[in-house]
Amino acid sequence: MWGALKHMPDERKGINVASVLAVRGLTIGMPDSPPIVDKVDLDLRPGCITCLVGESGSGKSLTALSLMRLLPPGIGLQADMLELDGEDLRELDDARMNVIRGDRMAMVFQEPMTALNPVMTVGEQITEALRVHKGMDQASADIAALDMFRQVQIPAAETRLNAYPHQLSGGMRQRVMIAIALVCRPSVLIADEPTTALDVTIQSQILRLIDALRVELGMAVLLITHNLSLVAEIADEVVVMYAGRIVERAPRDALFGDPMHPYTLALFAAMPRADGRGHPLATIGGQVPSHGERLSGCRFAARCPFAEARCMETYPTLREIRQGHWISCWRAPLEDHVS
Ligand SMILES: Nc1ncnc2c1ncn2[C@@H]1O[C@H](COP(=O)(O)OP(=O)(O)O)[C@@H](O)[C@H]1O
Ligand code: SF4
Ligand SMILES: [Mg+2]
């Protein structure tokens, strides 16, 4: 189904260029309790899609929200580095972050109603973004908004600009949110399961659009998804999270060609093959430990078929075992694994 998604030629991909968003040691949590997300590193590069995968509860959404500095009240972040084009985002005040959000960095949420204002028409919302961030007058903003609605393939775009969110279907609202996210041509797009609630045809259209705009705008994309078939098709880099930590991180071909972490192997084993669609990772026995239950050793130890004594005692630091291929496992490299 995703076969038509086009990749940029390798030499045009930014895999070796400087990241537009550089994250080091990102740790998220509440005061006086163990971290929910622990020492995560990410590099979002121009024109590249980084896919973040892992079971529910592994900390993907909080990671995404923290990059936008939109964590829920009571949850804070620490990081050794959180830089957008060299600008330190860690200590920016709300006013400055508001300038960046929606302009240089935009986010698409799983549920569009959380992002849309119910008492403004969607046209007012998209033109407001252009007026605030790009200083456009109303007439120019109207033209740009209509153009963007057409790009996200909203039928009868002119009429729909006058609609309120509740007057639109779920798929239409999702396109509106994507249009608002993309209209200011952000350098970074963060999309948290942007299509999970939509039917397959609309999912495909929206992902094609994000993919096309990534190429056209050189946008860096962080895509959180459960759909491993899609990841295999669209990702440049894949980051696998488990219980708040990165367990494996590699370019797409390396990850799918030579997955190494036992958790990644279990994810792939749970991947359905026949219809190519992702599903919840039901075939991995056991559950992700909550952040209150985590012990000092490897967090996957209770579910790992290869666990041994040292796994219970000490956390295996993330190591780069081949260029760009990082893994956090005492057995790495797992020479004897069978896929
Ligand atoms: N608002 C919140 N308050 C307290 N804990 C939260 C909140 N949101 C998430 N968490 C905790 O963080 C963990 C990771 O959540 P989340 O980032 O939503 O995971 P994912 O997106 O991978 O499913 C959850 O299992 C939960 O324990
Ligand atoms: S460190 Fe041990 S328990 Fe953890 S994934 Fe590797 S082999 Fe399994
Ligand atoms: Mg989530």
Residue among 324, 285, 74 with the largest mean-square fluctuation in a Gaussian network model of the chain, springs linking Cα atoms under 10 Å: 74
Under the Karplus curve 6.51 cos²θ - 1.76 cosθ + 1.60, θ = phi - 60°, whole-Hz ³J(HN,Hα) for the range 308-318, x wherever Gly or Pro sits: 9, 4, 5, 5, 6, 8, 10, 5, x, 4, 5
Cβ-derived FRET efficiency at R0 25 Å, residue 216 paired with residue 156, nearest 0.05: 0.55
Estimated D of the range 113-185 in µm² per second, where Rh is the Kirkwood radius over Cα pairs and Stokes-Einstein applies at 4 °C, 1.567 mPa s: 110 µm²/s
Antiparallel bridges, percent of DSSP beta bridges restricted to the chain (to nearest 5): 60 percent
Gain upon complete extension [residue 113, residue 319; 0.36 nm per residue less C-alpha separation]: 70.1 nm
Cα-based Rg of the chain normalised by 2.2 N^0.38 Å, two decimals: 1.01
GluC sites (Glu not before Pro), loop per DSSP, at most 15 other Cβ atoms within 10 Å - longest free stretch of the chain: 92-292
Rounded to whole Hz, the Karplus (6.51, -1.76, 1.60) HN-Hα couplings of the range 182-191, x for glycine and proline: 9, 5, 8, 6, x, 6, 10, 10, 10, 10
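Read-outs: derived from the displayed coordinates by stated rules, not from any lab. Quick caveat: nothing in here was measured; it's all calculated off a predicted structure. Here Cβ is always computed from backbone atoms with ideal geometry, including for glycine, and neighbour counts include all displayed protein chains.
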